[in-house]
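Notes to accompany the following structure.
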């Protein structure tokens, strides 16, 4: 049996930042992750990380206000204040750990502009910022000798009378199921992009952490807030960083108009992501698109600039579409990218369930509200990853002994897996997933209405039944059985989808990414509220609508 | 278009016939990647096929495998590039790695080599507030190495690792250069001295170019290794056969315009290194019997002057 003070599920930026902090505090820490740490999806963040640095004339309040406006006033302002105030030190600390941030003439960190912000405060490493940060945090984890359960998949949390005491997990390489006990567990397992098809997200973003927390008494908040990124590559759906527009790229429709003039005359291409995605989709829907895309034009930036500052984008464009961005505009379209919603936590990662913490994309503090600003997700991971370690360590000190009898918990999951393997159904995991995920994009898209959301709900309910009664897993083996792994992930995805459709159907207004064509206006009088969903052991949902925390920025009309 | 895949399978749970090649013919969009094709197989034809993949955008480094004998990231390799006329695509796991199942290999040896080079920044002291002040150019130069996604392709096709497991290898050495050339790091000489070590260090590379060829991120590990060799020499770390070899090579070519192989062999070993010189005797005798012993006193090349000018120019350009 394995035993720790603190066990962190997920080895992306939030998980590793949390682990590094806890390790420095002298806790017995371990990270459990279904992929090697450097394969985590934090890799995919391209453009940068926001921080208002006061010695450069910036002000945390400016960043906070941009974030709050970007969130369409759904973010909790106390949480945003903390993130903005701690951002500078968080970024500088990453630099001191070894990140090779781009610099200015003076040798200090340099910035680029990003969407929804008037000031350039995004620090970056080419167009590989996420990867550069992840690799450096991984380096730090090696320096500190962090223990990692690598390629282990968590099948359930160990919950004794409402207190979390560890996890049960499958060692993918051996196929053995083991219990790992801990005085506290931090969920930092990333998002749930695979609930949608297409999505920019990696195939591993299956909402595991969200489902684990939800099934153990934590609430999922604002799950209807799904970010569609304005620039994903035609056909492939690969992410093209906002850095392109930050560095000056234009968007054109089929008639050669820079259409953002109509939608956001002040910010143009650098309006908030929800605004730009809606603008693009409107152009496409009204017949001014090109095969369901619009054009991202970088030609005026010049080849040298593109290759030095946006090298990865050029690589992707050439490799996947055969287009040299210095010569031709690239066709792009909005694509599902990020979930603003997640496990409800306070500013210290506490979920309200004793022993259970959460940070990163799977958590909802809430700092992103109804729409996240570009380059705020990396910031969220490091600020709240660190804070959850601090808070969890206080809790760990109050727990006397974490060693408990675990055989019953392992047995339960073993039986569940046996049942899945022995099921003689007719639907492959992929078939159920693809049907559900396509319906989710249709129903909970850039634009949505009562009918579309109810359609998505119906398909999710059908998927749930198919998954329970008629799933087939062909591979019955133990060693690295990905067929079984995908089936278990599908269970998590269905939980996420369920929470998303219920969140969406609950919110009777349009706000940020939740844009209803049947109720187009934001309704601050009735809906300056979160949607918060709990599910009890019997599967019964309980939906609450707590007020948004407003500190110093009164909601006003949101114009870009 | 129709895609024909021949995939090497391995099932460790079978006691016999556990390695076999399996054919899959599927129909997909012509500009699909090989990864799209393999996912199609996994989702619609054969759920037992094992492979790793995650991002589908050549940034996570999960999907390295051999395609027609050469290591590739299959997410960024389009079917039509490799098999424009629908030729059979041979898919096998990466080389120089132990296979776990099908196309899934054990990556722990790869990462053990990364750990071997002390893969984190080691400054003597950190600024009390703010960041390290260094030039943008110095950081920009490191972008090439930071592009490494640790996919393992270079290790898969490294011809040295095939025969010498102690070689630190292209990925880890490229990673090492990322710290050696980082102005914030204060262990430069210690790092170079370690990498200069006879066993498994920078002089083990045979410059076969495979790592440069297969790297999907333009890291060019071999060039990074050559940079490290030069830097090691610059700090005076010269006690290696590799250095003596390079030195003798240069001296002989600039003096005579030709390579003096006898002198090269003796000087590479070190003229006072008796045991190593004794080791050379049977090699020399064998060459003598087969008539392949190089002349003891080499002739000068005809256009020796030109070669000397070239050598001079190369030195000046550096």
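The values are calculated or read from the model by the stated rules, or taken from the named source; none is laboratory data. Predicted model, so just to flag it, every value in this text is computed and none were measured. Cβ sites come from the backbone with ideal geometry, for glycine too, and all protein chains shown count toward neighbours.
The table that follows gives values for the structure above.
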quantity: Condition check for residue B:29: in contact (Cβ under 8 Å) with a residue 12 or more places away in the chain, surrounded by fewer than 17 Cβ atoms within 10 Å (Cβ to Cβ) and within 14 Å of another protein chain (Cβ to nearest Cβ); calculated: yes
quantity: Some residue of the stretch A:202-217 being within 14 Å of another protein chain (Cβ to nearest Cβ), farther than 30 Å from residue B:29 by Cα and modelled with pLDDT of 95 or more; calculated: yes
quantity: Matching option when the condition is under 24 Å from the mean Cα position of the chain (by Cα) and more than 8 Å from chain A (Cβ to nearest Cβ), among B:53, B:63; calculated: B:63
quantity: Helices (runs of 4 or more DSSP H) completely within the stretch B:68-164 that count 3 or more residues being without any contact (Cβ under 8 Å) to a residue 12 or more places away in the chain and within 12 Å of chain A (Cβ to nearest Cβ); calculated: B:108-116, B:136-146
quantity: Residue A:141 vs. criteria surrounded by fewer than 24 Cβ atoms within 10 Å (Cβ to Cβ), within 27 Å of residue A:21 (Cα to Cα) and either touching a residue at least 12 places away in the same chain (Cβ under 8 Å) or facing chain B (nearest Cβ under 10 Å) (or both); calculated: yes
quantity: Where residue A:100 falls short, out of the listed (1) more than 7 Å from chain B (Cβ to nearest Cβ); (2) assigned to a loop (DSSP other than H, G, I, E, B); calculated: (1)
quantity: Among the candidates A:78, A:106, A:55, residue that is part of a helix (DSSP H, G or I) and free of Cβ contacts under 8 Å to residues at least 40 places away in the same chain; calculated: A:55
quantity: Enumeration of residues in the stretch A:122-152 that are in a strand (DSSP E or B) and in contact with a helix residue (DSSP H, G or I) (Cβ under 6 Å, 6 or more places away or on another chain); calculated: A:123
quantity: Boolean, residue A:119 is in the same structural domain as residue A:373 (by TED's automatic domain parsing), part of a loop (DSSP other than H, G, I, E, B) and surrounded by fewer than 24 Cβ atoms within 10 Å (Cβ to Cβ); calculated: yes
quantity: Condition met for residue B:80 (surrounded by fewer than 24 Cβ atoms within 10 Å (Cβ to Cβ) and more than 13 Å from residue B:33 (Cβ to Cβ)); calculated: no
quantity: Residue ID - nearest to the other protein chains (Cβ to nearest Cβ), chosen from residues in the stretch A:468-485 that are in contact with a helix residue (DSSP H, G or I) (Cβ under 8 Å, 6 or more places away or on another chain), crowded, with 18+ Cβ neighbours inside 10 Å and in a loop (DSSP other than H, G, I, E, B); calculated: A:475
quantity: Qualifying position, being assigned by TED's automatic domain parsing to the domain that holds residue B:169 and crowded, with 20+ Cβ neighbours inside 10 Å, among B:201, B:218, B:257; calculated: B:201
quantity: Some residue of the stretch A:411-420 being within 14 Å of chain B (Cβ to nearest Cβ), in a helix (DSSP H, G or I) and farther than 30 Å from residue A:120 by Cβ; calculated: yes
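Quick grid of which residues meet (1) modelled with pLDDT of 95 or more; (2) within 24 Å of residue B:157 (Cβ to Cβ):
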residue: B:26; (1), (2): yes, no
residue: B:53; (1), (2): yes, yes
residue: B:60; (1), (2): yes, yes
residue: B:65; (1), (2): yes, yes
residue: B:72; (1), (2): yes, yes
residue: B:86; (1), (2): no, no
residue: B:93; (1), (2): yes, yes
